[in-house]
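Before any comments, here is the structure.
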Amino acid sequence: MTVHAAEAAPQDAASGTSKWSRAWQNHAPGYLFLLPWFIGFFGLTIGPIISSLYLSFTDFDLLTSPDWVGLANYQRMFTNDRAFAQSMQVTFTFVLFSVPLKLAFALAIAILLNRGMKGLPLYRAMFYLPSLLGASVAIAILWRQIFAGDGLVNQFLANFGIVGPSWISNPRYSLWTLIILSVWQFGSPMIIFLAGLRQIPQDMYEAASLDGASKWRQFWKITLPLLTPVVFFNAIIQTIEAFKSFTPAFIISNGTGSPINSTLFYTLYLYNEAFSYFRMGYASALAWFLLFLIACFTAFSFLTSKYWVHYDD
């Protein structure tokens, strides 16, 4: 090997090719195939991220050049913007109720499916289907029709002599219709729960049954502790998705967050600032604050996970 290297060095010197040029010649096809990805990553991801950070410190309306205003956008956010406070309240309410309800419902369905019933693939596909369609515009429109004053829900209640309200246009119920829609999209965490349940050794349940432990006690002492890593993963993913929820609120409220801003999600408010009022600088500041909020939540979740998430050592 030493002889070959010694022989190769003079040949490279004689031919005028360096180590870097030889590496480029060997890997050039690979770099060319990766070139479209690099263009997309830097041009469509990294570039807009850096641009939005700069614009968050400016006053920019898309028609004139950005005007540097320093921290004025962030100062306005916390001191002189009631709509921002309302959007935060609506979003936190949505996250606080929709995520636990969705995870509990997904876990309950996963436990039922894990009992080895016939036609399991069919049921699994049926339950997963809402997760594929739930964020679409068509499903949001369908949801608005179901909860309208003369919709399917009120027609069903009328059979029992109950006169239901107009769920969409009543500020007391409008946000809850969106929470129900979110819970209905339980298919994705349900599939992950089902995979986690399949990993729990069955001999642990058999030993607990011989000791006289009830099903309820087996759930609290075996199933839930061994499933905490999956619960943690689902909680992180679903909470981030809840913070970013946009399409249902946009469709059901016609993009206004009505009635009385009861469905003014944070992302909907950000969208209106950017594309309805063309306040791109302020919208960029809102976007970066949302990123900061999600990052803080994720970091807090990981720091506290050591107290309740149990990994199999």
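Taking the stretch 262-295 as the range and being open to solvent by 60 Å² or more (accessible area, probe 1.4 Å) and either within 19 Å of Ile49 (Cα to Cα) or in contact (Cβ under 8 Å) with a residue 60 or more places away in the chain (or both) as the test, the residues that pass are Tyr271, Phe275, Phe278, Arg279, Trp288, Leu291, Phe292. Entry remark, the stretch 218-246: residues being under 18 Å from Val90 (Cβ atoms) and in contact (Cβ under 8 Å) with a residue 12 or more places away in the chain number 8 in total.
None of Gln25, Gln86 is assigned to a helix (DSSP H, G or I) and either closer than 26 Å to Tyr269 by Cα or at pLDDT 95 or above (or both) except Gln86. Given (1) closer than 18 Å to Leu290 by Cβ; (2) open to solvent by 20 Å² or more (accessible area, probe 1.4 Å), where does Val90 come up short, assuming only one miss? Answer for Val90: the failing condition is (2). Tallying residues that are on the phi > 0 side of the Ramachandran plot and open to solvent by 60 Å² or more (accessible area, probe 1.4 Å) within the stretch 213-256 yields 1. Taking the stretch 277-313 as the range and being within 27 Å of Phe265 (Cα to Cα), in contact with a helix residue (DSSP H, G or I) (Cβ under 8 Å, 6 or more places away or on another chain) and among the hydrophobic types (A, V, I, L, M, F, W, C) as the test, the residues that pass are Met280, Ala283, Ala285, Leu286, Ala287, Trp288, Phe289, Leu290, Leu293, Ile294, Phe297.
The values are calculated or read from the model by the stated rules, or taken from the named source; none is laboratory data. Everything numeric here is computed off the predicted structure, so don't read it as measured data. As a convention, Cβ positions derive from the backbone with ideal geometry for all residues, glycine included, and neighbour counts pool all protein chains shown. Keep in mind that these areas ignore ligands, DNA and RNA; they rest on the heavy atoms of the full protein, side chains included. Shrake-Rupley method; radii C 1.70, N 1.55, O 1.52, S 1.80 Å.
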